[in-house]
Amino acid sequence: MNGRSFLRLLVEGAPLPLYDEVLRDAVAEAASPEEAEELQAEHTLALQLHDTLEKQRARHEQQRALVECAKELAEDRDDPDAVLTLIVGQAQRLLGCDMAYLSLNDDEDRATRMRVMVGATSSAWKDVRIPFGVGIGGRVAATGTPFWTPDYFQDERLTHDPVVDASVRAERQVSIVGVPLRNGKVIGVLFASNRTPGRFSHDAIALLGSFAELAAAAIERARSRQERDRALAALRRENEDLLQRTADQDRAVAAHDQSMDIVLRGGGLQEVVTAVSDRLGGALAVFDEFETPVAWTPGASEEALKDMSVAAVDSGGSVGGVHDGTHWVTGLAAGTETLGTLVWAPPATSSEVGDLDRRLLERAAVVASLLQLFRRNLAAAEARVRGELLDDLLMPNPGTYSSLAERALRIGYRPRRRHAVVVAHVRPENRRSLASAAADLAAAGDGLSTVRDGRAVPVVPSDDPSMTGRRIARSMTTRLGAPVTVGAAGPVDDPADLPAAYEEALACAHALLRLERVGTAATAADLGYAGLLLSGGASASEFVTRTLGPVIRHDRQRSTMLVETLETYFATGQSLAASAKRLHIHPNTVTQRLDRVKRLLGVDWNSPDRTLEVQLALRLHRLSRELETTAAARP
């Protein structure tokens, strides 16, 4: 037996016990002690060589495993979390340990936070924050130097933290090694641990460190790829948004061009509203400056128009889109002049109003403002002609009525309809837009208007002068931004009655001003005796007729004595018994006559205000009868 036998064992990779057997056999056959000693030396050398070869083989296997791990890490992965999981799994396989885990640094928070763990038996480690300098992870994260311990809780070199220790204890970790994840700077820590005490060899620590370098590069690549993908996605979204905005802009321009085509070929506001509402859906309406609808979506219900009118009033005519929760409202204006309001009620199925819808509304508002301005300028020109006609109609000259009637027909005005005559008074400092406001209002109602002595005089078709006066006062007050006081008269259906009606309306306006009722409206019937006393122009006979007309006609037609009964009733202090005694009738008869008066004059005829009017009318009626009797008695 010689050294070549040990060499053959090395080549064949024989197990270590076989080396001892060969040595025993060789020593037993040795010829001398010197030969036995030489065999012993060769045996020791063979074992040393065997150990060296095993270490080289292990190192080779580690290098091979590291290369395999590097290949896996080199593959493109878009999800950084998936990369972290792969790193931890490969680290556990490389070292053959119980657990492997990884933390990433938060430099602003001065801590490293647990992200992924393989081999865990609890969830206590999730999102654990390890302050810099605390435990193994905090120490490695702060220093960038690997660190290991054979027994975590017995190692006096470590600074402990209750939260960190609790997670270590929950996983029953004992021996732990941590190496830095470095890519220019420390970005985290890679760990390996066992649940039993023990040392980590230098080769194992070096292997884990080498793998950590590859892992750090893979993490950065994944992060860069994710940031790149996010940037590309953001650019893609921006490009899509740009394409959408461009398409929306093209659609908005096309809609604007369609509206302008309607205008250029002589179409009106209704055609524009119909075209825009076809594109937007829902209901669209345009209101003039007097809150009157002038164009709306065909088929829009009265209730919808009413709600849209309320929205127009609430918006105050502000220019620019205003959303009240249900409607989109924008004011129509030219310079500082308000022309009306555009209101859109989106369809019930619409969940959100986009930029395109708002741009369509803005462009529709521009076109509507243009049409309203055209209408106002045309109305102003027509108003001059119609105002001149009204000036002539208000002059009491019967000889010109036939020619005036012809002029009226030529401009489309029908003077034989029932009209209310209105006189609108405003303070001198607020008269700048008085004429245009009155002209627009009269034109909207197919009437006439003029300005006399600084007061607007609209004459509009109406069967109710009182209501018409109130509406005109409210509309003109809104338009002028100052209180407008309105007197009204009528209705009249004969041009010859216009001058007298004008004088009565003017008297009512004077009466309101003397009564300090600025900003209100009234007719002579509304004012009663106060108007008769203060106007300086109202007719006493008309006052008597308005107040007592039904009673006087009843007496005349049925030969009753209601007027005399009223006079006696008031003369006796409203006493039924005294009235019956003076009239020589039963008190029940007085009661029956007064009931008849109530049916003729209304249930409030005996109220304090009406009582004064009735008594004044009785006295004027008696005076009128006495004057007639005196005149008849003259030769």
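For the stretch 99-128, the set of residues classified as out of contact with any strand residue (DSSP E or B) (no Cβ under 8 Å at 6 or more places or on another chain) and either closer than 14 Å to Val168 by Cα or aliphatic (A, V, I, L, M) (or both) consists of Thr121, Ser122, Ser123, Ala124, listed by residue number. Entry remark, the stretch 143-158: residues being without any contact (Cβ under 8 Å) to a residue 40 or more places away in the chain, out of contact with any Leu (no Cβ under 9 Å at 6 or more places or on another chain) and surrounded by 13 or more Cβ atoms within 10 Å (Cβ to Cβ) number 3 in total. The residues in the stretch 1-26 that are of a type in the set (Val, Ile, Thr) and either at pLDDT below 70 or closer than 14 Å to Leu49 by Cα (or both) can be counted, and the count is 1. Residues in the stretch 126-145 that are part of a loop (DSSP other than H, G, I, E, B) and within 46 Å of the chain's Cα centre (by Cα): Lys126, Asp127, Val128. Checking the stated criteria, Phe132 turns out not to satisfy the condition of being of a type in the set (Phe, Trp, Tyr), in contact with a helix residue (DSSP H, G or I) (Cβ under 8 Å, 6 or more places away or on another chain) and either crowded, with 20+ Cβ neighbours inside 10 Å or not assigned by TED's automatic domain parsing to the domain that holds Arg199 (or both). Does the stretch 599-635 hold any residues that are at pLDDT below 70 and within 60 Å of the chain's Cα centre (by Cα), and which are they? Matches in the stretch 599-635: Asp609 only. For the stretch 168-175, the criterion of a residue being touching a residue at least 12 places away in the same chain (Cβ under 8 Å) and under 27 Å from Glu220 (Cβ atoms) is satisfied by no position. Just one of the listed residues (Val177, Val168) is part of a strand (DSSP E or B) and in the same structural domain as Trp148 (by TED's automatic domain parsing), and it is Val177.
Among the numbered conditions (1) surrounded by 11 or more Cβ atoms within 10 Å (Cβ to Cβ); (2) assigned to a helix (DSSP H, G or I); (3) among the hydrophobic types (A, V, I, L, M, F, W, C), the only one that Ala231 does not meet is (1). Pairing each residue of the stretch 274-289 that is assigned by TED's automatic domain parsing to the domain that holds Ala334 with any residue that is crowded, with 24+ Cβ neighbours inside 10 Å and aromatic (Phe, Trp, Tyr), provided the two are 6+ apart or on different chains, yields C-beta distances under 6 Å for Leu284/Trp344.
Got at least one residue in the stretch 133-144 being farther than 17 Å from Glu171 by Cβ, of a type in the set (S, T, N, Q) and touching a Lys or Arg at 6+ places or on another chain (Cβ under 9 Å)? Scanning the stretch 133-144, I find no residue that is farther than 17 Å from Glu171 by Cβ, of a type in the set (S, T, N, Q) and touching a Lys or Arg at 6+ places or on another chain (Cβ under 9 Å), so the answer is no.
Of the residues making up the stretch 554-566, not one is charged (D, E, K, R) and buried (at least 17 other Cβ atoms within 10 Å of the Cβ).
In the stretch 32-40, is there at least one residue being over 60 Å from the mean Cα position of the chain (by Cα) and either in a loop (DSSP other than H, G, I, E, B) or modelled with pLDDT under 70 (or both)? It would help to see each step written out before you state the result.
Step one: filter the stretch 32-40 for residues over 60 Å from the mean Cα position of the chain (by Cα), giving 32-40.
In the following step, the residues that additionally are either in a loop (DSSP other than H, G, I, E, B) or modelled with pLDDT under 70 (or both) were identified as 32.
Yes; the residues of the stretch 32-40 include at least one that is over 60 Å from the mean Cα position of the chain (by Cα) and either in a loop (DSSP other than H, G, I, E, B) or modelled with pLDDT under 70 (or both).
Any residue at all in the stretch 578-588 that is among the polar types (S, T, N, Q), at pLDDT below 80 and surrounded by 14 or more Cβ atoms within 10 Å (Cβ to Cβ)? No, the stretch 578-588 contains no residue that is among the polar types (S, T, N, Q), at pLDDT below 80 and surrounded by 14 or more Cβ atoms within 10 Å (Cβ to Cβ).
Can you report the number of residues in the stretch 349-368 which are small (Gly, Ala, Ser) and either at pLDDT 70 or above or closer than 13 Å to His327 by Cβ (or both)?
Selection size over the stretch 349-368: 4.
The residue that is surrounded by the most Cβ atoms within 10 Å (Cβ to Cβ), counting only those in the stretch 448-484 that are touching a residue at least 60 places away in the same chain (Cβ under 8 Å) and over 38 Å from the mean Cα position of the chain (by Cα), is Leu448. For the stretch 285-300, the count of residues that are touching a strand residue (DSSP E or B) at 6+ places or on another chain (Cβ under 8 Å), over 30 Å from Leu441 (Cα atoms), modelled with pLDDT under 80 and crowded, with 19+ Cβ neighbours inside 10 Å is zero. Which of the residues belonging to the stretch 526-541 are closer than 22 Å to Ile472 by Cβ and at pLDDT below 75? Answer for the stretch 526-541, where residues must be closer than 22 Å to Ile472 by Cβ and at pLDDT below 75: Leu527, Gly528, Ala530, Gly531, Leu534, Ser535, Gly537, Ala538. For Arg517, the conditions (1) at pLDDT below 85; (2) out of contact with any Phe, Trp or Tyr (no Cβ under 8 Å at 6 or more places or on another chain); (3) not in a loop (DSSP other than H, G, I, E, B) are fulfilled apart from (3).
The values are calculated or read from the model by the stated rules, or taken from the named source; none is laboratory data. Source: prediction; values computed, not measured. Methodologically, a virtual Cβ is constructed for each residue, glycine included, from the backbone with ideal geometry; neighbour enumeration extends over all protein chains shown.
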